[in-house]
Amino acid sequence: MDMAAEKLNSLRNNLHEHFAGKESIIDDLLICILSDGHVLMEDVPGVGKTTLARILARSIDCDFGRIQFTPDTLPGDVTGSSVYNMKTGEFTYREGAIMHQIILADEINRTSPRTQASLLEAMAEGQVSVDGKTYPLPQPFMVIATQNPVEFMGTYPLPEAQMDRFMMRLSIGYPDETEEIRLAKNFLAGKTVNDAASVLGTEDIINMKEAVKKVHVSDGVISYIRDIIRLTREENSFVTGASPRAMLMLIRSSQAHAYINEREFVKPDDVKAVAVNVLHHRLSLTPEAKIRKEDTDRILKELILKARIPTGT
């Protein structure tokens with residue numbers, strides 16, 4: 001565990017050196033990649049979403065790919081397509097933009113629902129299917145999708161099935177004064193993402209992901225997580241409650257939170273630390289709740305306080 005903690009600290013420091021923003025965002029990003037999860041970043045332009053994705057890829061020596069979604073982006077642009085080879089008389093697979101380890105799916109709500117759906121299999125199963133053949137994606141694999149909440153013209157809202165594939169929805173927000181001044185100094189010094197070093201290898205990340213799966217989750221903590229999920233389903237302000245997949249992702253992300261905090265077991269505090277980011281994008285407010293100007297995050301925090309905390313943890 002000591003060596004893993006040292007590697008994680010090196011990764012944290014490397015990300016923070018080249019990214020000006022809240023440290024909690026870096027930890028959330030690490031939780032997701034160590035949990036086999038994907039991230040949806042919803043924020044205004046220019047706060048560093050692309051920069052953070054590129055720095056992560058460089059820091060862990062992963063192949064980086066960017067898909068700029070537009071209304072005319074086709075599913076084949078994402079997954080690839082079969083192309084007829086006149087010399088051999090056979091169809092060969094031409095890789096799509098998804099064939100990278102760290103994918104930045106930029107402005108995902110700018111493209112059509114059909115193209116959005118082309119990401120579902122990749123995000124859920126780590127593979128794509130083209131003309132009846134399956135092609136595995138390189139590992140580790142992670143989608144970091146972005147969407148802009150203030151621009152509604154020409155957008156296609158992500159369906160519930162797509163939203164449920166993201167482990168967390170994060171918002172970077174504006175940096176504080178100290179971080180913004182550091183960003184300015186890095187800019188004047190000519191420091192770019194390309195200067196970021198690779199501090200870990202892909203094998204390190206794969207090993208850490210396996211270690212996260214071994215972090216102990218007691219029956220009491222499982223019941224605590226299940227109680228939070230139950231409360232979301234009984235909440236009248238939500239159209240529907242959290243899905244079984246949401247519960248599993250909450251368990252895994254709690255394990256990852258314990259792991260990056262150098263523990264081999266999950267505490268209720270780990271669950272509390274990740275629950276809002278894991279659940280809020282999966283829950284839709286009813287029309288009546290919207291009229292009352294209810295806030296999903298506030299309701300979730302109140303529900304978490306109502307959940308039965310297990311004894312002896």
ask   = Roughly how many whole Å is it from the C-alpha centroid of segment 76-150 to that of segment 1-41?
value = 26 Å
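Of Lys7/Lys272; Lys49/Lys301; Lys272/Lys306; Lys267/Lys301, which sit over 22 Å apart, Cα to Cα?
Numbers: Lys7/Lys272 25 Å; Lys49/Lys301 26 Å; Lys272/Lys306 12 Å; Lys267/Lys301 17 Å.
Too far apart for the 22 Å limit: Lys7/Lys272; Lys49/Lys301.
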message = Quick check: pseudo-label points 7 Å beyond the Cα along Cα→Cβ at Asp72 and Asn9, how many nm apart are they?
response = 5.3 nm
remark   = Burial-style ranking of 213-222, 227-236, 24-33, 176-185, average other-beta-carbon count within 10 Å with highest first, yields 24-33, 227-236, 213-222, 176-185
key: Dipole magnitude (debye, nearest 20) for segment 141-250, charges at Cβ of Lys, Arg, Asp, Glu   = 280 debye
remark   = So for segment 137-244, using the alpha carbon gyration tensor with a ≥ b ≥ c as root eigenvalues (a/c under 1.5 gives rounded; past that, a/b versus b/c decides prolate or oblate), I'd call it oblate
task = Rounded to whole Hz and in sequence order, give me ³J(HN,Hα) for segment 85-92 from the Karplus expression 6.51 cos²θ - 1.76 cosθ + 1.60, θ = phi - 60°, writing x for Gly and Pro.
result = 9, 5, 6, 8, x, 10, 8, 10
remark   = Karplus ³J(HN,Hα) for segment 111-116 (6.51 cos²θ - 1.76 cosθ + 1.60, θ = phi - 60°; Hz, whole; x = Gly/Pro) runs 9, 6, x, 5, 6, 4
task = Would you mind getting me the FRET efficiency between Arg292 and Glu23? Use the beta-carbon distance for r and R0 = 35 Å, nearest 0.05.
result = 0.55
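Please list 291-298, 161-168 highest first by mean number of surrounding beta-carbon atoms within 10 Å per residue.
Most protected by this proxy first, the peptides run 161-168, 291-298.
What size of dipole, in debye to the nearest 20, comes out for segment 214-306 about its Cα centre when the only charges are +1 on Lys and Arg C-beta atoms and -1 on Asp and Glu C-beta atoms? Intermediate values should be presented prior to the final figure.
On the way: 16 positive and 13 negative charges, 37 e Å.
In total the dipole reaches around 180 debye.
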ask   = So who's got an amide H within less than 5 Å of the one on Phe238, skipping anything under 5 residues away but keeping other chains? H placed 1.01 Å off N, in plane.
value = Thr286
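Kindly rank 241-247, 42-48 from highest to lowest mean number of other beta carbons found within 10 Å of each residue.
Values: 241-247: 17.3, 42-48: 15.4.
Descending packing order for the listed peptides: 241-247, 42-48.
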query = Taking a label point 7 Å from the Cα of Lys214 along the Cα→Cβ vector, which residues of segment 2-17 have an amide N closer than 19 Å to it?
reply = 2-9
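If you put +1 on each Lys and Arg Cβ and -1 on each Asp and Glu Cβ, how big is the dipole of the chain around its Cα centre, in Debye rounded to 20? Don't skip to the end; give the middle numbers.
Values: 36 positive and 44 negative charges, 96 e Å.
About 460 debye.
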message = Under 8 Å for C-alpha pairs, at least 6 residues apart: give me the relative contact order for the chain, rounded to a whole percent.
response = 22 percent
query = How long are the three semi-axes of the equivalent ellipsoid for the chain, computed from the Cα gyration tensor as the root of 5 times each eigenvalue, in whole Å, largest first?
reply = 31, 25, 22
ask   = By how many nm would the segment from Glu125 to Arg226 lengthen if fully extended, with 0.36 nm per residue of separation less the alpha-carbon distance?
value = 33.9 nm
query = With the dipole of segment 173-274 worked out from charges on the C-beta (+1 for Lys and Arg, -1 for Asp and Glu) around the Cα centre, which of Ser218, Phe187, Leu200 lies farthest toward the positive end?
reply = Ser218
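Relative contact order for segment 214-306: what percent, with Cα pairs under 8 Å and sequence separation of 6 or more? Don't skip to the end; give the middle numbers.
Numbers: 109 pairs, mean separation 31.0, N = 93.
About 33 percent, as a whole number.
Taking R0 as 45 Å, what's the FRET efficiency between Asp176 and Tyr93 from their Cβ-Cβ distance, rounded to 0.05? Intermediate results must be reported in sequence, preceding the final value.
Working: r = 47 Å, r/R0 = 1.05.
So the FRET efficiency works out to roughly 0.40.
Once you have the Cα-Cα distance between Glu203 and Thr311, take 0.36 nm times their residue separation minus that, and quote the gain in nm to one decimal. Mind dumping the intermediate values first?
Details: separation 108, 0.36 × 108 = 38.88 nm, distance 3.77 nm.
Length gained, Glu203 through Thr311: 35.1 nm.
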note = Counting only residues 5 or more apart in sequence or on a different chain, those whose built amide H sits under 5 Å from that of Asp61 are Val199, Leu200
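The numbers here are math on the coordinates, done by the rules we state, and not lab data. Not measured: the values here are computed from a predicted model. Methodologically, a virtual Cβ is constructed for each residue, glycine included, from the backbone with ideal geometry; neighbour enumeration extends over all protein chains shown.
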